[in-house]
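Coordinate-derived values only; no laboratory data. This is a predicted model, so every value here is computed, not measured. Every residue, glycine as well, gets a Cβ built from its backbone with ideal geometry; the counts of neighbours run over all protein chains shown.
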Amino acid sequence: MLTKDCKAKFEIYYHGSSSNANLSHLLLPPETTNVISEKGRKKNLNRVFFTKDIGLAKIYAGRACRSYGGTPQLYRVINPIDTVCLDDRQGASVFHAKCAFLECII
């Protein structure tokens with residue numbers, strides 16, 4: 001995406017998880033890792049999820065900790081591959097991609 005000045009628009013995304021998920025620098029989908037924190041999730045097992053809202057990422061980190069234990073971990077999502085927007089409402093934004101690089105921020 002380009003801005004009105006023809007510069008690439010830089011988007012910041014976040015992912016929340018548990019320290020027990022042992023994420024390193026790459027976020028891979030559940031069909032690859034066999035790790036999923038959402039009980040009963042049957043769809044999009046080949047996709048990873050993230051948000052533009054750091055508060056929402058913190059909520060997801062808490063949910064992951066309730067499922068797997070550990071401490072909440074927040075990540076900045078870098079260079080998601082094949083990004084699709086599910087919901088772009090502020091405070092409720094959800095995106096998914098095939099995979100993404102991560103940078104731990106908390």
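Percent of C-alpha pairs per 10 Å bin in the chain, short distances first: 15, 49, 29, 6, 1. Cβ-to-Cβ counts within 10 Å put 85, 65 in ascending order as 85, 65, the fewest first. Residue order for 35, 48, fewest other beta carbons within 10 angstrom first, comes to 35, 48. Taking other C-beta atoms within 10 angstrom as a stand-in for reagent exposure, 106, 12 fall in the order 12, 106, fewest first.
Of the trypsin sites (Lys or Arg not before Pro) in the range 8-104, the ones in a loop by DSSP (not H, G, I, E or B) with at most 11 other beta carbons within 10 Å are 9, 39, 41, 42, 43, 89.
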